[in-house]
Amino acid sequence: MRVAPILFCLSLAACATAPAGGVNDPYEPMNRRVHAFNKGLDATLLRPVARAARGGDDAAPQGPGAMTLVGNFGSNLALPGKVVNSVLQGRPEPAVRNTFRFFVNSTLGLGGLLDPATADFALPEIDTDFGETLHVWGVPEGAYLELPVLGPSTERDLAGKVVDLFIDPLDSVLTDEQKIAGTAARIVSKAGDRARFGSTVDSVLHESADSYAQTRLLYLQHRRFELKQEQDVIDPYAD
């Protein structure tokens, strides 16, 4: 594990101020410009790809296809990093479960292309990241940010994204070609999410009166729900 990037991001996130459950958006003019770029990228690239993956505007998602298999592969490669974060958070149970999930899918799942861990062993992925680790360590959320391509975030979560690049145990094992393949697979996994939540994303980005404000609200509510910062908030992405 590389210590310098972690220390840098900790100092960056520690400078942020915690919101009182509201919206802390001092960079709104810049964020809105980035949002306009992301919205245009979605309209010209991501939405057409997602619709093609679904088989059309109104088609229901089909069974496991190429996108699902590649997405499974990318998600599997991300599990060791999630294990490290669970350990750093002092949460051994999700670390153990994600470890077993990784070994099951890497072997029985043909390198992670399939997901027998969920289907046959009741081991669904327990998601986490270094942004959550910083939250557990008491680092405040900081200001809201919208990042090019990556979308909504906060100062704390941006610091977490940077650190996650350096604490992945597979980083020292995989070849450069395998790392590129893993990154591409994770991108495909995100495209799969766009297809899965296509109607919701369309209504927010392309049908709401102020897509920036709506995106910001939904992201902050969902992230705080994930981190259990606001127990009374209903997850806006729940089925």
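The values are calculated or read from the model by the stated rules, or taken from the named source; none is laboratory data. Everything quoted here is computed from the prediction, not taken from an experiment. Cβ placement follows ideal geometry from the backbone for every residue including glycine, while neighbour counts extend to all protein chains displayed.
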Quick check, is GLY160 over 27 Å from GLY65 (Cβ atoms), over 18 Å from the mean Cα position of the chain (by Cα) and not hydroxyl-bearing (Ser, Thr, Tyr)? no
So GLN178 clears everything in (1) polar (S, T, N, Q); (2) modelled with pLDDT of 95 or more; (3) within 28 Å of LEU77 (Cβ to Cβ) except one condition, right? Which one? (2)
If we only count helices (runs of 4 or more DSSP H) wholly inside segment 98-217, which ones have 2 or more residues that are surrounded by fewer than 16 Cβ atoms within 10 Å (Cβ to Cβ) and among the aliphatic types (A, V, I, L, M)? 176-196
Subset of segment 115-150, residues within 16 Å of the chain's Cα centre (by Cα), under 27 Å from ALA191 (Cβ atoms) and aliphatic (A, V, I, L, M), comes to ILE126, LEU145, LEU147, VAL149, LEU150
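Condition check ((1) at pLDDT below 95; (2) over 18 Å from the mean Cα position of the chain (by Cα); (3) closer than 30 Å to ALA52 by Cβ) across all residues:
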| position | (1), (2), (3) |
| --- | --- |
| VAL84 | no, no, no |
| ASN98 | no, no, no |
| ASN105 | no, yes, yes |
| GLY109 | no, yes, yes |
| LEU113 | yes, yes, yes |
Listed residues THR175, THR200; which is of a type outside the set (A, V, I, L, M) and farther than 24 Å from HIS35 by Cβ? THR175
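This table checks each residue for (1) out of contact with any Ser or Thr (no Cβ under 7 Å at 6 or more places or on another chain); (2) on the phi > 0 side of the Ramachandran plot.
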| site | (1), (2) |
| --- | --- |
| GLY112 | no, yes |
| ASP129 | yes, no |
| GLU141 | no, no |
| LEU147 | no, no |
| PRO169 | yes, no |
| SER189 | no, no |
| LEU205 | no, no |
